[in-house]
């Protein structure tokens, strides 16, 4: 989140034509304490001129997942260039696609599911394949083993970051040793 806030603060001038949403949201009431949108807001995320598209609308999880999917597909279809900023967790998850989660087997463009940490709403690999580019930021020693694993052939069910290999263009920013990625 800090990367997104800092990147947005560097953009000078208006951002007309730009739509910004999340690549992972934690389901709950609008503005709940664990909401990624709320955390961005609390960190001072600003994007003057851009259309900001929060995920949570006070609806049930299935209704919210469907509305999120509809919004993402509409925005991707209208975009001249579509990009996602994603993270990678110490367990190898990307976006809200956790190892062994229902999002791994989802046939929809967005998956909403209950997990042991949060109830999650996430775009799936089906949606990511529609994008022009995915930029991943992953820093911290706890994530370093995932870079070694990413260089191997491992089931995406065990390491969802393996899904990145299926995408058109991926850029990974990290603080690990000279990676071959």
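Of the residues making up the range 41-75, those that are modelled with pLDDT of 95 or more and surrounded by 19 or more Cβ atoms within 10 Å (Cβ to Cβ) are 54, 55, 56, 64, 65, 68, 69, 72. Being under 14 Å from the mean Cα position of the chain (by Cα), touching a residue at least 12 places away in the same chain (Cβ under 8 Å) and in a helix (DSSP H, G or I) is the requirement here; does residue 147 meet it? No; evaluated as a whole, the condition is false for this residue. Being over 25 Å from residue 107 (Cβ atoms) and either loosely packed, with under 15 Cβ neighbours inside 10 Å or within 17 Å of the chain's Cα centre (by Cα) (or both) is a description that applies to residue 38. Each residue in the range 120-130 was checked for being surrounded by fewer than 21 Cβ atoms within 10 Å (Cβ to Cβ) and in a loop (DSSP other than H, G, I, E, B), and 2 of them qualify. If you check 95, 85 for being surrounded by 15 or more Cβ atoms within 10 Å (Cβ to Cβ) and under 14 Å from residue 163 (Cα atoms), only one passes: 95. Residues that are crowded, with 17+ Cβ neighbours inside 10 Å and within 16 Å of residue 87 (Cβ to Cβ) within the range 21-34 comprise 21, 22, 23, 24, 25, 26, listed in sequence order.
When 8, 4 are checked against the criterion of being part of a helix (DSSP H, G or I), modelled with pLDDT under 95, surrounded by 15 or more Cβ atoms within 10 Å (Cβ to Cβ) and in contact with a strand residue (DSSP E or B) (Cβ under 7 Å, 6 or more places away or on another chain), 4 stands alone in meeting it. Filtering the range 87-106 to residues that are touching a helix residue (DSSP H, G or I) at 6+ places or on another chain (Cβ under 9 Å) and over 22 Å from residue 142 (Cβ atoms) leaves only 106. Any residue at all in the range 101-111 that's closer than 23 Å to residue 40 by Cα and in contact with a strand residue (DSSP E or B) (Cβ under 6 Å, 6 or more places away or on another chain)? Among the residues of the range 101-111, at least one is closer than 23 Å to residue 40 by Cα and in contact with a strand residue (DSSP E or B) (Cβ under 6 Å, 6 or more places away or on another chain), which makes the answer yes.
A residue that is part of a helix (DSSP H, G or I), without any contact (Cβ under 8 Å) to a residue 60 or more places away in the chain and surrounded by 17 or more Cβ atoms within 10 Å (Cβ to Cβ) cannot be found anywhere in the range 106-119. Given the condition touching a residue at least 24 places away in the same chain (Cβ under 8 Å), within 22 Å of residue 136 (Cβ to Cβ), in a loop (DSSP other than H, G, I, E, B) and in contact with a strand residue (DSSP E or B) (Cβ under 7 Å, 6 or more places away or on another chain), answer yes or no: does some residue in the range 68-86 qualify? Looking for residues that are touching a residue at least 24 places away in the same chain (Cβ under 8 Å), within 22 Å of residue 136 (Cβ to Cβ), in a loop (DSSP other than H, G, I, E, B) and in contact with a strand residue (DSSP E or B) (Cβ under 7 Å, 6 or more places away or on another chain), one finds none in the range 68-86, hence no. Scanning the range 158-179 for residues that are more than 17 Å from the chain's Cα centre (by Cα) and within 22 Å of residue 84 (Cα to Cα) yields 175, 176, 179.
Scanning the range 14-50 for residues that are closer than 21 Å to residue 134 by Cβ and assigned to a loop (DSSP other than H, G, I, E, B) turns up 15, 17, 18, 21, 22, 23, 24, 45, 47, 50. Going by what's in this entry, would residue 13 be described as on the phi > 0 side of the Ramachandran plot and modelled with pLDDT under 90? Answer is yes for this residue.
The values are calculated or read from the model by the stated rules, or taken from the named source; none is laboratory data. Because the structure is a prediction, the values reported are computed rather than measured. Quick reminder, even Gly has a Cβ in these numbers, built from the backbone with ideal geometry, and neighbours come from all protein chains shown.
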